[in-house]
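Reviewing the structure listed below.
The values are calculated or read from the model by the stated rules, or taken from the named source; none is laboratory data. These figures come from a predicted structure and were not determined experimentally. Glycine gets a Cβ as well: all are built from the backbone with ideal geometry, and neighbour counts include every protein chain shown.
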Amino acid sequence: MVEETDIVVIGGSCTGVFAAVRAARLGAKVVIVEKQNRFGGVATNGLVHMWHSIYDTDYNRQIIGGLTYEIMERLDKRNAISQFKNSKNYGIRFNSEELTIELDELVQEAKIKPYLHTFFSAPVIEDGHVSAIIIQNKSGRGAIKAGMFIDATGDADLCYRAGLPTYIPSHIQPPTTCARFTNWHCPDNLDPIKLIMEHADEFGLPDGFMWGAPIPPDDDVFMLAGTRVAGKNPADGDQLTCCEMEGRRQVRAIMDIWRKYIKGKCIALHALPSQIGIRESRHIKGAYLLTGEDLLYGKKFEDAIANGTYPVDIHHQDKEGITFKKLDGTQHYCRPGRESIIGRWREETTDYPKYYQIPLRSLIPLKSKNIIAAGRMLSADQEAFGAVRVMVNLNQTGEAAGVAAWHALTSGIDIARVNARDVRKSLLSGGSCVL
């Protein structure tokens with residue numbers, strides 16, 4: 001037994017860190033376990049340096065606050081984030097390396113016990129409750145005992161190994177290996193992304209979707225998300241290995257295109273991620289299944305704990321490109337190098353929702369006594385998940401999980417019996433936008 005604590009968070013993404021911090025600020029003794037060398041998940045290890053708007057679709061009302069906003073303010077003091085206050089920009093760029101250090105400080109300030117380079121192995125189950133988890137790191141194998149557990153693994157590893165109901169969707173949104181590049185400005189006004197699209201077949205690149213942006217504070221380093229690994233389940237060890245290596249192969253293929261078709265000083269590969277950017281794998285079967293209809297029609301929930309505006313975004317496995325469905329009723333089918341096909345998924349109207357919500361029940365696994373999920377393994381159908389999966393949305397689920405775990409612990413009740421009004425009240429007191 002290496003540790004006894006109140007709450008254990010497994011997974012140190014921003015979602016997991018925010019869960020730990022919110023619980024610790026309420027007075028809980030918290031341990032966080034992360035398999036990588038740093039916190040931040042996809043935002044840091046995956047090099048995805050973009051969060052989305054914290055305002056409604058009209059950019060008039062702030063709908064996301066809490067620790068997401070607090071971290072933005074902290075990064076702003078170091079000139080490590082693009083404009084986000086009163087911004088009408090769809091995306092907010094930040095410096096992933098600065099975020100890494102900021103998360104370290106956030107954890108230390110909250111007096112959370114961190115375990116980096118530490119793998120979760122298995123739960124210890126007694127009388128239907130998880131009483132401890134088994135971990136493995138450089139010091140060997142040990143157990144951490146706690147009263148409540150937050151599964152922020154992304155793949156629902158704790159829930160699955162504890163025997164709670166989970167499932168693998170038939171359509172898994174494919175993962176992407178991002179990369180950073182220098183010397184981005186090509187000679188002769190060449191467009192680097194257009195070159196990739198023109199020569200993708202020659203270098204074995206699949207048709208997917210590409211986006212990228214320079215990294216604050218300067219524009220001399222550019223992050224590009226231009227790869228796609230289809231047909232794999234990242235919750236499987238062998239398939240995850242394949243995803244990592246194939247993603248890097250595709251990054252090299254991109255570089256080979258530029259080396260062949262850009263004359264003179266070429267774009268240089270600056271950094272690869274320490275983990276591929278996984279969009280989806282295993283999900284919990286939760287107390288409530290969030291649906292695309294709930295989301296696209298802006299259903300309001302009495303137990304709402306998160307708000308968002310990012311559109312439904314389906315990265316197809318069976319065909320090229322992606323499909324966006326927006327709250328205003330428009331639909332966009334986008335393919336690399338081709339004009340988008342724009343239509344409507346519903347008739348035009350002036351009365352449409354300006355944001356959507358995620359209920360607390362979507363984080364609570366069926367049959368769970370003392371485990372709550374936080375992050376992309378939440379209970380949502382394919383359409384709803386296509387929207388709620390982005391980081392600014394999932395950050396909020398972490399905060400809610402941390403608060404709910406604390407309320408269950410201090411009340412001596414199972415997680416499913418937590419009073420959502422109490423959770424929402426505590427979230428609001430902590431700076432969250434509870435609407």
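Within the stretch 82-98, the set of residues being of a type in the set (Lys, Arg) and more than 12 Å from residue 52 (Cα to Cα) comprises just one member, 85. For the stretch 347-361, taking the residues that are free of Cβ contacts under 8 Å to residues at least 24 places away in the same chain and of a type outside the set (Val, Ile, Thr), the one that is surrounded by the most Cβ atoms within 10 Å (Cβ to Cβ) is identified as 348.
Okay, residues lined up against (1) at negative phi; (2) within 21 Å of the chain's Cα centre (by Cα); (3) surrounded by fewer than 16 Cβ atoms within 10 Å (Cβ to Cβ):
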position: 197; (1), (2), (3): yes, no, no
position: 204; (1), (2), (3): no, no, yes
position: 233; (1), (2), (3): yes, yes, no
position: 255; (1), (2), (3): yes, no, no
position: 263; (1), (2), (3): yes, no, yes
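Can you pull out every residue in the stretch 149-199 that is closer than 26 Å to residue 280 by Cβ and assigned to a strand (DSSP E or B)? Across the stretch 149-199, the qualifying residues are 149, 150, 151, 166, 167, 176, 178, 179, 180. Only residues that are of a type in the set (Lys, Arg) and in a loop (DSSP other than H, G, I, E, B) were counted across the stretch 254-272, and they come to 2.
Surrounded by 15 or more Cβ atoms within 10 Å (Cβ to Cβ) and part of a strand (DSSP E or B), is that true of residue 209? So residue 209 does not fit the description; no. Check the stretch 189-210 and report whether any residue there is modelled with pLDDT of 90 or more, in contact with a strand residue (DSSP E or B) (Cβ under 6 Å, 6 or more places away or on another chain), assigned by TED's automatic domain parsing to the domain that holds residue 263 and not hydrophobic (A, V, I, L, M, F, W, C). Within the stretch 189-210 (the criterion being modelled with pLDDT of 90 or more, in contact with a strand residue (DSSP E or B) (Cβ under 6 Å, 6 or more places away or on another chain), assigned by TED's automatic domain parsing to the domain that holds residue 263 and not hydrophobic (A, V, I, L, M, F, W, C)), the answer is no, since none of the residues qualifies. What residue, among those in the stretch 274-315 that are more than 19 Å from the chain's Cα centre (by Cα) and surrounded by 21 or more Cβ atoms within 10 Å (Cβ to Cβ), is nearest to residue 164 (Cα to Cα)? The residue in question is 303. Is it the case that residue 251 is among the β-branched types (Val, Ile, Thr), under 30 Å from residue 152 (Cβ atoms) and not in a loop (DSSP other than H, G, I, E, B)? So residue 251 passes the test.
Across the stretch 110-158, the qualifying residues are those that are out of contact with any His (no Cβ under 6 Å at 6 or more places or on another chain) and of a type in the set (S, T, N, Q), and the one among them that is surrounded by the fewest Cβ atoms within 10 Å (Cβ to Cβ) is 139.
Among residues of the stretch 69-95 that are basic (Lys, Arg), those with a Cβ under 7 angstrom from a residue that is part of a loop (DSSP other than H, G, I, E, B), sequence gap 6+ or separate chain, pair up as 88/59; 93/49; 93/82; 93/215; 93/216. Condition first: in contact with a Phe, Trp or Tyr (Cβ under 6 Å, 6 or more places away or on another chain), of a type outside the set (Gly, Ala, Ser) and surrounded by fewer than 20 Cβ atoms within 10 Å (Cβ to Cβ). Can you find one or more residues in the stretch 81-94 that meet it? Among the residues of the stretch 81-94, at least one is in contact with a Phe, Trp or Tyr (Cβ under 6 Å, 6 or more places away or on another chain), of a type outside the set (Gly, Ala, Ser) and surrounded by fewer than 20 Cβ atoms within 10 Å (Cβ to Cβ), which makes the answer yes.
Of the listed requirements (1) more than 13 Å from residue 399 (Cβ to Cβ); (2) touching a helix residue (DSSP H, G or I) at 6+ places or on another chain (Cβ under 7 Å), residue 15 misses just one: (1).
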